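Structure record follows, encoded as structure tokens.
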Amino acid sequence: MSVTIRLARTGRKNLPTYKIVVSNTRDKRNGRFVDIIGSYNPTTSPQEFVYNKEKFEKWSKTGALITEAVKKLVEGKYEYKKYEPKKVKASKEDQEARNATKDNTTKEEKAEDQSKEEANEQKEEKKEENK
């Protein structure tokens, strides 16, 4: 049975915490595990990383594979980066099309406003004539 020392995600949505676990390589990331070695909380400031050195050394000596993330955590070189999706910039053609539609709507609104003003003026003139 080959085993790995890896991170198993716990915590709620958008607030991850991790357990450092020893599990069979064929098991799921958050599936069954053989032993819990420690924990890692990247959301606190400073990031909180606690692990049992004796258990870690025991499993690494018995031939457990260690993932890159766990290696870096143990060495103190791991930096957690929150995923931020890239914002897509609109092309010039799209921007021109948007500006054109804005101009058209403003022209239409101006025309409507003018027609309303003219209608109001005509009504006022008729009222004055009737008096």
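The values are calculated or read from the model by the stated rules, or taken from the named source; none is laboratory data. Model, not experiment: these values are computed from the prediction. Every residue, glycine among them, receives a Cβ derived from its backbone with ideal geometry; neighbour counts consider all protein chains shown.
Counting residues in region 40-48 that are of a type in the set (D, E, K, R), surrounded by 14 or more Cβ atoms within 10 Å (Cβ to Cβ) and assigned to a strand (DSSP E or B) gives zero.
Within region 13-39, being charged (D, E, K, R), farther than 23 Å from Tyr83 by Cβ and assigned to a strand (DSSP E or B) holds for one residue alone: Asp35. Thr25 meets the conditions (1) in contact (Cβ under 8 Å) with a residue 40 or more places away in the chain; (2) among the polar types (S, T, N, Q); (3) surrounded by 13 or more Cβ atoms within 10 Å (Cβ to Cβ) in every case but one. The failed one is (3). Is there a residue in region 92-108 that is under 21 Å from Ser2 (Cβ atoms) and within 27 Å of the chain's Cα centre (by Cα)? Looking for residues that are under 21 Å from Ser2 (Cβ atoms) and within 27 Å of the chain's Cα centre (by Cα), one finds none in region 92-108, hence no.
Within region 7-23, being closer than 19 Å to Gly63 by Cβ and touching a Lys or Arg at 6+ places or on another chain (Cβ under 7 Å) holds for Val21, Ser23. Could you say which residue among Lys55, Lys77 is surrounded by 10 or more Cβ atoms within 10 Å (Cβ to Cβ), under 30 Å from Val22 (Cβ atoms) and modelled with pLDDT of 75 or more? Step by step, each of Lys55, Lys77 is checked, and only Lys55 is surrounded by 10 or more Cβ atoms within 10 Å (Cβ to Cβ), under 30 Å from Val22 (Cβ atoms) and modelled with pLDDT of 75 or more.
Of the residues Glu96, Glu54, Glu117, Glu84, which single one is of a type outside the set (A, V, I, L, M, F, W, C), under 30 Å from Thr25 (Cα atoms) and not assigned by TED's automatic domain parsing to the domain that holds Pro16?
Glu84
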